[in-house]
1. Quick check on my filter: what residues within region 306-327 are more than 23 Å from the chain's Cα centre (by Cα) and part of a helix (DSSP H, G or I)?
2. For residue 501, state whether it is within 25 Å of residue 364 (Cα to Cα) and not acidic (Asp, Glu).
3. Please count how many residues of region 17-52 are touching a residue at least 12 places away in the same chain (Cβ under 8 Å), in a loop (DSSP other than H, G, I, E, B) and hydrophobic (A, V, I, L, M, F, W, C).
4. Quick check on region 416-435. Is at least one of its residues among the hydrophobic types (A, V, I, L, M, F, W, C) and modelled with pLDDT under 75?
5. Can you find even one residue in region 469-481 that is among the basic types (Lys, Arg) and open to solvent by less than 70 Å² (accessible area, probe 1.4 Å)?
6. Scan region 246-296 residue by residue and report those that are at pLDDT below 85, open to solvent by 40 Å² or more (accessible area, probe 1.4 Å) and over 22 Å from residue 341 (Cβ atoms).
7. Surrounded by 14 or more Cβ atoms within 10 Å (Cβ to Cβ), over 20 Å from the mean Cα position of the chain (by Cα) and farther than 26 Å from residue 373 by Cα: is that true of residue 526 in this structure?
8. Would you check which residues across region 208-233 are buried (at least 17 other Cβ atoms within 10 Å of the Cβ), of a type in the set (Gly, Ala, Ser) and in contact (Cβ under 8 Å) with a residue 60 or more places away in the chain and list them?
Amino acid sequence: MPGECIPYWQIPGASRLVRDFLYSFDRVARFYRYDPCDREAVFRRLENMQYPTDRRARLVEVLRVQNPGCEAVERLAEPSTVAVVTGQQVGLLTGPAYTFYKALTAMRVAEELSAMGVPAVPIFWMATEDHDYSEVTECWVFDGQGRPVRIEAGWCEGAGSRSVGQLLLPDWSLDAAKEAWREAPHGGEALELATGAYRPGRPWAAAFAQLLGNLVGPGRLLFFDPLEKEAREFLAPALARAAEQAGVLSSAVRERTAELERSGYEAQVRVGAEANLFFIVADGRRVRARLRDGVLEWNGLRLEGPSLAANAKYLSAAALLRPVVQDWAFPAAVSVVGPAEIAYLGQASALYEVLGVGVPVWRLRASCTLVDKVAAEVLERYGLGLRDFFGSEQALQEAVGARLRPAVMVEALEESVAGVVASLDRIAGALEGWRGPVKRAFEKSRAKILYQLGKIQRGVAREALRRDRRAMGELQWLRDQLYPRRRLQERVYSIMAFVARYGTDLGSALWERVAWDCRGHQTVVL
């Protein structure tokens, strides 16, 4: 079974805005700066890039602290070096597999740019300021039978009210993963990596960075934690400037959202009368900031002008403002994003314009479903592809059952259907030129007869599947492997599930086998 690239218009839930961004850019060009299919776009971005020398020096100081001894930091210190930026929440065992694909894509793009004579390093922005603990405290792997297994770290003190980056891992164990990976070819390696990083009492961000860094190769990916003291001070000028123009920014994003909706697109982020662009991070908590006309009301205080700038280190950017702050912080030539991010960047683009922040080239991350050789053989035996799992359960069962019908039954059905169709065609020929009730009644009856014949064929297929226990088991196994919980594999399973199956060199295998020019979701056979 060869790998395939499935366009986003065939992916359940993909927004129209994302589809047009990828395949009909002219329709959305007013919302985005660069066409993702234009290979020359990055050079135009470089021509327009203005990244101050003093900002680079401060950034390098922050990254040296957060990435001690990493040679890539010294490369970034060179004035000609650009950044390829991506990021994600600091989830348990690095969260869903697409986090790993983001990191790998950023590394790949940086290598491509460097080969083109543009020195580049990949940087991963860890979203440690988020406080939705329930999103990061669990992940999914699968056991030796391919069945989904839920791994949960459990609740910890401050969860739900404090930023995740300020929390410590609770007293928990990886017993569920240990049991799930007991029969996996590389389960021991995966368990050693996981337990070495996600130790009880360790900061979530440190655990995440260690595991992801080990998976992609130590020193190959720089990590940036915006919650650390030195990072907050570095980002403060950008946040202060945004806060001073909060009213203008709010109006701009509301107008951009309305323009998107008038164009027939659905806004990714709902925007009310006042766009919520800021949080306050202080005393270990992250709360929404009340900010109007450059005045911040917080903790009984009214901060404005110099006092606001002096306290900007306590500000945190919400979803729409975060990419703007990120691209202010780094000499970002390319930003690697997921489909949902492409959708809300259409709204955020208005904020770039107001603040005068240069827009990088937005490139879609690799999106993959990993298929092992056994699954590939089963798919081929039943004539299935990943697309078949996107439809209804009944249609999937009928597709498999059609392959299982006894030959004598197939022959009888096909001959009968062919005979009925031939008879109906003769009647239709005899009625040629007739009009009125008789002709209409015949056409209606013909449609009903053909529908009933099709219903018989589909019913026989479902019954054939029901009688074949092996096929029923294999179909359930394929569902769990390829489209678990009726979602893309990459959005459910942690990449660690696949490390347990394929080994710690999984990243190298994907580096070679991923179709990096695929503008959609791809199957990768390993």
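The values are calculated or read from the model by the stated rules, or taken from the named source; none is laboratory data. Please read all numbers here as calculations on a predicted model, not as lab measurements. So basically every Cβ, Gly included, is an ideal-geometry build from the backbone, and we count neighbours across all protein chains shown. Heads up: the accessible areas ignore ligands, DNA and RNA and are worked out on the full protein's heavy atoms, side chains in. Shrake-Rupley method; radii C 1.70, N 1.55, O 1.52, S 1.80 Å.
1. Of everything in region 306-327, those that are more than 23 Å from the chain's Cα centre (by Cα) and part of a helix (DSSP H, G or I) turn out to be 306, 307, 308, 309, 310, 312, 313, 314.
2. Working: within 25 Å of residue 364 (Cα to Cα): no; not acidic (Asp, Glu): yes.
No: the conditions fail for residue 501.
3. Qualifying residue count for the region: 4.
4. Applying the first criterion (among the hydrophobic types (A, V, I, L, M, F, W, C)) to region 416-435 yields 417-418, 420-422, 424, 427-428, 430-431, 434.
From what's left, modelled with pLDDT under 75: 417.
Yes; the residues of region 416-435 include at least one that is among the hydrophobic types (A, V, I, L, M, F, W, C) and modelled with pLDDT under 75.
5. Keep residues of region 469-481 that are among the basic types (Lys, Arg), which gives 469-470, 479.
Subsequent filtering for residues that are open to solvent by less than 70 Å² (accessible area, probe 1.4 Å) retains 479.
Yes, some residue in region 469-481 is among the basic types (Lys, Arg) and open to solvent by less than 70 Å² (accessible area, probe 1.4 Å).
6. Within region 246-296, 273, 274, 283, 285, 287, 290, 292, 293 meet the criteria.
7. no
8. Selection gives 209, 231.
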